[in-house]
Every structure is written in structure tokens, then in C-alpha cells.
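All remarks here apply to the structure that follows.
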Amino acid sequence: MGVGSGYTQEDVQELARVLTGVGVNFQPLDPNAPKPIQAQPDHIRNGLFEFNPARHDYSVKRLLGHTIEGRGFAEVEQALDIISRHPATAAHVSRQLATYFVSDTPPESLVERMAQAFRTTDGNIVSVLLVMFKSPEFANGQKFKDPMQFVLSAVRLAYGTKVIQNPAPILGWLNRMAQGLYNHPTPDGYPMTSAAWNGPGQMAVRFEIARQIGANAAGMFKAAVPDAVERPAFPQIANALYYNELQYTLSPATRAALDQATSSQEWNALYLSSPEFMR
């Protein structure tokens, strides 16, 4: 629903009561273990997920103006339906998607069209995404890549479908750009706006990483096992895709800079550092 969407502290507390009994159970399931004589009918175990009715609050709750009777796990499902069908959820999810894919400040008209699709299809995310992907706002978007997008798109462009044997260089690059895998300390996730990633220090690191990716495989194709031999892999950015498609998306200034490259490695670094590739 997003912050400031109208829910109260009481709603937060009531949802917490709904979620009592929901958790994870790391004990492996034993198919040969005898079932308890008085098994609890509300108990649910699916992989690591567990709903333990012995830990659930079965009293009546009041969430976002709706009454939820004490029914066990069915309360969780009802609460999810209430939240997902709230108008604020449609607007918040649509804005987050548009911010990620289109612009740091997506047009309100686009967000509203996406939210309308969310509401009319009961949250069908494919329908919401199609509204966005088919929009002129998406076609004209200039979204700045975050570190994850930058590194992975550069590696994919340079090395195609080759299977990465050693992800350590990639993980190291992400750590250097402050977007380490699973390293964000709070559940809100890494920022989606360019201001968090386009400072002078960040850009200098990007240029250095572009140079490394464009020059050699940096050990990505050497398995992390004793006596492993690195498989040959050479970055091939100036390929048919570039000459047939990508070069026409570049500004005259970028083309002029590429024309001054004195080696394929320098050309690769310049292209991966270009403003067009950063978007």
C-alpha cells in the first residue's frame, strides 16, 4: 500500500495478530514419522513454510475497515485479499514499477493507467506491465541503470550466452558500487532512483569496471576449484548487433569518442562507459 496510504497503527497491529502462527520450520520432514494421535486440523506445513495453530490468535480482528473472524490460516488469505484490492495498493505497485522501468518521476497519467489495469483485472500483473510496456512513456524512457543492471547488462553484452563459472568478480563489482547481493540491511530494498548511483565516485568505479569487462574475462570463466583452467573468453561488443542496431542509438559525441579508440579493449571500455549504455 505504501507509506501515507491511509492505514493506521491499529491496522498494523491487527495484521500482526492475523499473522500469528505463520513462520518457517527448518526441521526436515520425516515421511516415516508417525502422525500425532490428536493432529491439529489447521496445521499447515509446505517445505519450510509452516502455519502453527497453537501460536495463532483466533480472536476477531478489524483490518482496514473489514472484520476478520478467527478462522486460522484463512484469515491470512482474507487479509491478503483486503490489502491487494485496496485502491492504494494498485497505485503504489504501479508507481514502483514505473519508477523502476520508466523514470525516477514517472508521469501521473501513466501510473493512473497502470493502476486502473490493476484494479479492473484484480491485480493481474501481466496486464499492468503490458500497459506500461506499450506506453509512449516507456518507449521514450531514459532510466539510469543501477549497479546490478549495469554490471549484468555489460557482462551479457560482452560475453553473450557463455556460462559464468566464477561469479566472484561480478559480486566484487557490485560490492564496490554499494549494491552487494543481499547486503541491504533493511527490507525496503536498494534505491531505484539515479541520485543514489550517479555520483562522481560511483561513476569513476563504473568506468573502471567497464575497462575490466571490456579487456578480459576477469576470471569469470575459471571455476572456483583447485587446479581449474580458465576457459578462453573474449569480449565481443563490436559485433553484428552493434553495427546493425546499437550504433544508431548513439549520439554523435559518443560515436566520435569510439572512433578515437586505439584498441578493441579501449573501444569496449568507452562503449560500456557511454551515456547511452548507462540507460
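Would you point out which residue out of 171, 157, 152 is within 26 Å of residue 214 (Cα to Cα), in contact (Cβ under 8 Å) with a residue 40 or more places away in the chain, of a type outside the set (S, T, N, Q) and outside any loop (DSSP other than H, G, I, E, B)?
Values: 171 fails: in contact (Cβ under 8 Å) with a residue 40 or more places away in the chain; 152 fails: in contact (Cβ under 8 Å) with a residue 40 or more places away in the chain.
Answer to the selection: 157.
Would you check which residues across region 255-279 are part of a helix (DSSP H, G or I) and either of a type in the set (Phe, Trp, Tyr) or within 23 Å of residue 102 (Cα to Cα) (or both) and list them? Spell out the reasoning first.
Looking only at region 255-279, we keep the residues that are part of a helix (DSSP H, G or I), and these are 255-259, 264-272.
Residues satisfying the conditions are 267, 271, 272.
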Problem set entry | Unique residue being surrounded by 12 or more Cβ atoms within 10 Å (Cβ to Cβ), over 24 Å from the mean Cα position of the chain (by Cα) and of a type in the set (Gly, Ala, Ser) when the list is 228, 240, 196 | 228
Problem set entry | Selected residue (criterion: farthest from residue 107 (Cα to Cα)) from residues of region 143-191 that are over 13 Å from the mean Cα position of the chain (by Cα) and basic (Lys, Arg) | 162
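Looking at this structure, is residue 201 touching a helix residue (DSSP H, G or I) at 6+ places or on another chain (Cβ under 8 Å), within 17 Å of residue 151 (Cβ to Cβ) and either open to solvent by less than 30 Å² (accessible area, probe 1.4 Å) or modelled with pLDDT of 90 or more (or both)?
Details: touching a helix residue (DSSP H, G or I) at 6+ places or on another chain (Cβ under 8 Å): no; within 17 Å of residue 151 (Cβ to Cβ): yes; either open to solvent by less than 30 Å² (accessible area, probe 1.4 Å) or modelled with pLDDT of 90 or more (or both): yes.
No.
Residue 42 - would you say it is open to solvent by less than 80 Å² (accessible area, probe 1.4 Å), of a type outside the set (S, T, N, Q), part of a helix (DSSP H, G or I) and free of Cβ contacts under 8 Å to residues at least 40 places away in the same chain?
no
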Exercise. Does region 210-222 include one or more residues that are surrounded by 13 or more Cβ atoms within 10 Å (Cβ to Cβ), touching a residue at least 12 places away in the same chain (Cβ under 8 Å) and at positive phi?
Worked result: yes
Exercise. Does residue 111 satisfy being under 18 Å from the mean Cα position of the chain (by Cα) and at pLDDT 95 or above?
Worked result: no
For this session: Hey, could you check region 54-72 for residues that are open to solvent by less than 50 Å² (accessible area, probe 1.4 Å), in contact with a strand residue (DSSP E or B) (Cβ under 9 Å, 6 or more places away or on another chain) and not in a loop (DSSP other than H, G, I, E, B) and say which is nearest to residue 138 (Cα to Cα)?
Result: 68
Exercise. Can you pull out the residues in region 243-279 that are in contact (Cβ under 8 Å) with a residue 24 or more places away in the chain, out of contact with any helix residue (DSSP H, G or I) (no Cβ under 8 Å at 6 or more places or on another chain) and open to solvent by less than 70 Å² (accessible area, probe 1.4 Å)?
Worked result: 251
Exercise. Looking at region 95-149, which of its residues are among the small types (Gly, Ala, Ser) and not in a helix (DSSP H, G or I)?
Worked result: 103, 123, 135, 141
Exercise. What is the one condition in (1) of a type outside the set (Asp, Glu); (2) modelled with pLDDT of 95 or more; (3) more than 30 Å from residue 118 (Cβ to Cβ); (4) open to solvent by 60 Å² or more (accessible area, probe 1.4 Å) that residue 134 does not satisfy?
Worked result: (3)
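The values are calculated or read from the model by the stated rules, or taken from the named source; none is laboratory data. For clarity, every value in this text was computed on a predicted model and none was experimentally measured. Neighbour counts run over all protein chains shown; Cβ positions are idealised from the backbone, glycine included. Heads up: the accessible areas ignore ligands, DNA and RNA and are worked out on the full protein's heavy atoms, side chains in. Shrake-Rupley method; radii C 1.70, N 1.55, O 1.52, S 1.80 Å.
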